[in-house]
Number of protein chains: 2
Amino acid sequence: MIPNWLLKRAALTPHAPALTFQRKTWSYLQLKEEAADRAGKLRALGLERGSRIALLGGTSAEMALLIHGCLLAGVEMVMLNARLTAEEIEYQLQDSESELLVCEEAFRNQAKQQICQTIVYDEFLQLERESFPLEQMWEEDRTLTIMYTSGTTGFPKGVRQTAENHTSSALSAVLNSGLHAGDAWLHMMPLFHISGFSILARAVLYGSEVRLFEKFDASAAAEEITTGRVTGMSVVAVTLERLLTVIENNKLTVHPKFRTLLAGGGPVPVSYLKRAEQCGLPVLQTYGMTETSSQTATLSAEDALRKPGSAGKPLFFTEIQIDGADEPFDRGEILIKGPHVTKGYIGKHTTAEALQEGWLHSGDIGYFDDEGFLFVADRRSDLIISGGENIYPAEIEAVLAEHPQVAEAGVCAMASAEWGAIPAAFVVTRSPINAESLMEFCQTRLASYKLPKSFHFVDELPRNASNKLLRKELREMLTAEK
Amino acid sequence: MIPNWLLKRAALTPHAPALTFQRKTWSYLQLKEEAADRAGKLRALGLERGSRIALLGGTSAEMALLIHGCLLAGVEMVMLNARLTAEEIEYQLQDSESELLVCEEAFRNQAKQQICQTIVYDEFLQLERESFPLEQMWEEDRTLTIMYTSGTTGFPKGVRQTAENHTSSALSAVLNSGLHAGDAWLHMMPLFHISGFSILARAVLYGSEVRLFEKFDASAAAEEITTGRVTGMSVVAVTLERLLTVIENNKLTVHPKFRTLLAGGGPVPVSYLKRAEQCGLPVLQTYGMTETSSQTATLSAEDALRKPGSAGKPLFFTEIQIDGADEPFDRGEILIKGPHVTKGYIGKHTTAEALQEGWLHSGDIGYFDDEGFLFVADRRSDLIISGGENIYPAEIEAVLAEHPQVAEAGVCAMASAEWGAIPAAFVVTRSPINAESLMEFCQTRLASYKLPKSFHFVDELPRNASNKLLRKELREMLTAEK
């Protein structure tokens, strides 16, 4: 059994700050009271322990309070990505058999559907709460959240994340990142992503503060970090780059209390790591996914430059194997095991085996070096196989990002009659530059078969809500160009 | 499954300091190599996963290495209290069905017995190691350690402590005490006690350093604490007082890095807490026992003077209830639940139910105040806590009753400024006998700390209508004698 997180936390440290949003702060006791109110309203709507509801909205204190209310009430949450189309939302509501959709006013149009009852958040708040006894303890296998992911197949599957999954993830993380009195985490990630939800989960287990923002804001982030108001923050490569730019341009000094810049959602170019070191920003690169309830391996800041491109070592309660690998540097599919790994899917994919003999097959390709550091060579679906050679887009992107005039780069496969596939590069530049000089830059750094066969200059790269590069959309852009 | 602690830790942070003893430091990689050597020697002796061995010795690096070796090899350890007599040792070896006793040279006499093979540690070290594959993962329910405690009955019972017990105890503790890079714990407790073993367990889970000393040394402790070489230390009331005296007399300043003085083994007088605050020593009072694999509730340093005498709140993964209590301040037996609580006993007490409906009945009386802080009002009426060691009157009474001239015996606690409490014996004799010969009789049968410090010859013992010994009245008789 696992204690009902927020009940236990509010009993332990009732007066510690729990959540701050737009200058308002809730203590853990206040957070519990607000969440209990939301739980009572869910009860008034007929929802009970094990009922399933879908949440649709942006990032706000109200959404965080509702999430905590669902946890208190024992209601399973289907976390809808705020960027979904109406059609995609219908699919997920139907597949998850959600009993209710709670959405923010701004999402009313997207949320029009015939699958289940919908309630707008403002109306929800008007409901009378029904009081009922809150559960003190949770079974390990209780589902807390459901997040849809396309995984390797392209078909969205609802991933079931249990109390044990999230709890053990947080415990692995604390043994890696430490815990100080007064810790506060800067939250500029989407709440519906595992990256964003796991920040809430860790904070309530640790008794630390979440400083929540509507969205990523490089200037605000720089201020939080340099004034010492936060001790940690989650980023992806592109938001890291923007944060670095603000800190560099304004010659800001990172506060000594700040000790964890957790960088997930893909590899971070070495040039960013070097700039971060110059700024005194401790970057911890991490590897994880929806199916592993956040981090599985994380690289310490000390090793960031010694092991560029590595995702570190498997955390204390996690195991990683490279399928078929006998020795260091042998590449293969990354297999993951541990109490943080999903027990499986819901809906029409319930019968799909998430695990094979206890191992999650990530679909990603990687290897361990001779010191046990994991390197994620690339996501398998993005693999470009060209004339029998394997090409990993991330490797080319990292090279392009080192060019002083390149702000960001994305690489995808382009069909080739001769080679099967060849790499194409999309580039956002800081100032005009031509393809020839980019090619010259690459030629000294990449084997010829890895060289992009075309360069596309764009204003921005397609990214998802957590700013992860969408290489699939790059491929669509290529097709459209023809 | 839980990762084999030391294998995982050595993989994560091979070069971090793990253990320091008498100016020699082992990194986690070195600790693993030494422990693997000891594991290989155990294997050479025919011991396998699940075999049971008993350890007898003082505190030394070698003993710590052997303990880690047993853990690596999957061998269950019976932790013998170094102060036991030969007779007490025989009982525990027989009851635990130990296959082997490993003892230090200095304990050779005590260790003479016919129950199982004995090997002196120096000879053990000469053995050739047999190499065998180490287990990467442990089942939660695997027994790691067995510690004997007399409990309520007076008969020593072997408490089974599992991988899950120790691991969850360490995880509850980290969420309470935090974890900083460079943490080091000053270890001046007996290794065979749960207080001492749990320091080793926490360190390897956290990746922090243990600075091990042969025994408590107030001057050395003050130096470690004031130079910042350690960030935490475990004490009992009597050692806390000695440490305070050194710090006060030498007007020493506690290093700002030092943040946890964990005080267990019974209540700490308020006067000590006030002196500790004056010295800048952060005292965390804790409540725990062998059956709970160390801490169950711990009071933070901030609350030490606001809640004097309190043991704090139940840690994150632990539950405490007061039997029969409806409201704050209602007194009753303290009941404990959680993954840190023993699953039961071994040997002849295997069938004794440790838990009732999942709850451990501690035998201690306590209450919660209106803010949820636990107060241990009274250790089990018959428990004598002397310098952090638990002494069970029934065990001493049973020994005295074996003496041919003794008709009945009753033992109770006598106040001691130095030790908190010491045992006093009341004896009804069949024919005249003097205290010296009774003492001689006890010395071969009881560890020295359990020996009665005074003998009182009486015509009868106070008993209630059902002839139950009234130890409370014995205490009153002691007071009246003065």
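Values computed for the structure shown
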read-out	value
Using a 7 Å Cα-to-Cβ projection, B:Leu127 label spacings across copies, nm, ascending	6.5
Alpha-carbon centroid distance for the pair region B:238-281 / region A:207-239, whole angstrom	38
Leading residue at positive end of dipole, region B:1-143 (Cβ point charges), from B:Asn109, B:Trp138, B:Leu7	B:Leu7
Euclidean distance of C-alpha centroids, region A:293-315 and region A:79-100, integer Å	34
Charge sum, other residues only, whose C-beta stays under 14 Å from A:Asp122's C-beta, Lys/Arg counted +1 and Asp/Glu -1	-1
Positive-end residue of B:Pro393, B:His456, B:Ala415, charge dipole of region B:384-481 with Cβ unit charges	B:Pro393
Inter-copy label distances at A:Met439 (7 Å, Cα→Cβ; nm, one decimal)	10.0
Size of electric dipole in chain A: Cβ of Lys, Arg +1 and of Asp, Glu -1, about Cα centre, debye, nearest 20	920
Other-chain or far-sequence residues with amide H under 5 Å of B:Thr85's (modelled H)	B:Ala447
Charge tally in the Cβ shell below 14 Å around B:Trp185, where Lys, Arg are +1 and Asp, Glu are -1, B:Trp185 excluded	+2
Straight-distance crosslink candidates among aspartates and glutamates, where the alpha carbon sits under 16 Å from A:Lys343 and sequence neighbours closer than 8 are dropped	A:Glu76, A:Glu139, A:Glu140, A:Asp141, A:Glu164, A:Glu291, A:Glu319, A:Glu353, A:Glu357
Cα-centre dipole for region A:383-481 with unit charges at Cβ (Lys and Arg positive, Asp and Glu negative), debye to 20	220
Relative contact order, percent, chain A [alpha-carbon distance under 8 Å, six or more residues apart]	11
Coil-residue trypsin sites (Lys or Arg not before Pro) of region A:62-129, DSSP, other Cβ within 10 Å capped at 13	A:Arg83, A:Arg108, A:Lys112
For region B:132-147, Karplus couplings with θ = phi - 60° (6.51, -1.76, 1.60), whole Hz, Gly/Pro x	7, x, 7, 6, 6, 10, 10, 5, 3, 8, 4, 7, 9, 9, 10, 10
Per-residue HN-Hα couplings for region A:431-436 [Karplus 6.51, -1.76, 1.60; θ = phi - 60°; Hz; x = Gly/Pro]	8, x, 7, 9, 4, 4
Rounded Å value of the spacing that divides the Cα centres of region A:429-482 and region B:418-482	88
Normalised convex hull volume, the protein assembly as shown, alpha-carbon set, Å³ per residue	185
Long-range amide H partners of B:Ala297 with built H, under 5 Å	B:Tyr287, B:Leu315
Positive minus negative residues near B:Gln94 (Lys, Arg vs Asp, Glu; Cβ under 13 Å)	-4
Under-5 Å amide H pairs with B:Leu284, H placed in peptide plane, nonlocal only	B:Leu261, B:Leu262, B:Ala263
Dipole of region B:2-138, positive direction: furthest Cα of B:Gln22, B:Ile119, B:Leu80, with charges on the beta-carbon	B:Gln22
Helix A:163-177 vs. chain A, principal-axis angle (Cα, 0 to 90°, nearest 10)	60
Relative contact order [Cα under 8 Å, 6+ residues apart], region A:349-437, whole percent	19
Using a Förster distance of 41 Å, the FRET efficiency for B:Leu470-B:Thr350 (Cβ separation, nearest 0.05)	0.80
Pairs beyond 31 Å (Cα-Cα), from A:Lys8/B:Lys251; A:Lys8/B:Lys307; A:Lys157/A:Lys274; A:Lys32/A:Lys313; A:Lys257/A:Lys472; A:Lys8/B:Lys348	A:Lys8/B:Lys251; A:Lys157/A:Lys274; A:Lys32/A:Lys313; A:Lys257/A:Lys472; A:Lys8/B:Lys348
Likely footprinting exposure, A:Ser60, B:Ser300, fewest C-beta neighbours within 10 Å first	A:Ser60, B:Ser300
Rounded to whole Hz, the Karplus (6.51, -1.76, 1.60) HN-Hα couplings of region B:290-299, x for glycine and proline	3, 5, 10, 6, 5, 3, 10, 9, 9, 8
Cut-off 18 Å, label 7 Å out along Cα→Cβ of A:Glu460, residues of region A:225-246 by amide N	A:236-246
Sparse-neighbourhood loop sites, trypsin sites (Lys or Arg not before Pro) in region B:209-304 - DSSP loop, at most 13 other Cβ within 10 angstrom	B:Lys215, B:Lys251
Whether chain B is rounded, prolate or oblate, judged on the alpha carbon gyration tensor where a/c under 1.5 counts as rounded	oblate
Inter-chain shielding of B:313-321 (mean C-beta neighbours from other protein chains, 10 Å cut-off)	4
Size of electric dipole in region A:210-265: Cβ of Lys, Arg +1 and of Asp, Glu -1, about Cα centre, debye, nearest 20	200
Sparse-neighbourhood loop sites, GluC sites (Glu not before Pro) in region B:381-482 - DSSP loop, at most 14 other Cβ within 10 angstrom	B:Glu418, B:Glu460
Calculated label separations, A:Lys112, copies of the chain, 7 Å along the beta-carbon direction, nm	9.6
For peptides B:173-184, B:279-290, sequence by mean Cβ density within 10 Å, most packed first	B:279-290, B:173-184
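Every read-out reported here was derived from the displayed coordinates using simple, explicitly stated rules and does not represent laboratory data. The shown structure was predicted, so the numbers you read here are calculated from the model rather than taken from an experiment. Using ideal geometry, Cβ is built from the backbone for each residue, glycine included, and neighbour counts are taken over all protein chains shown.
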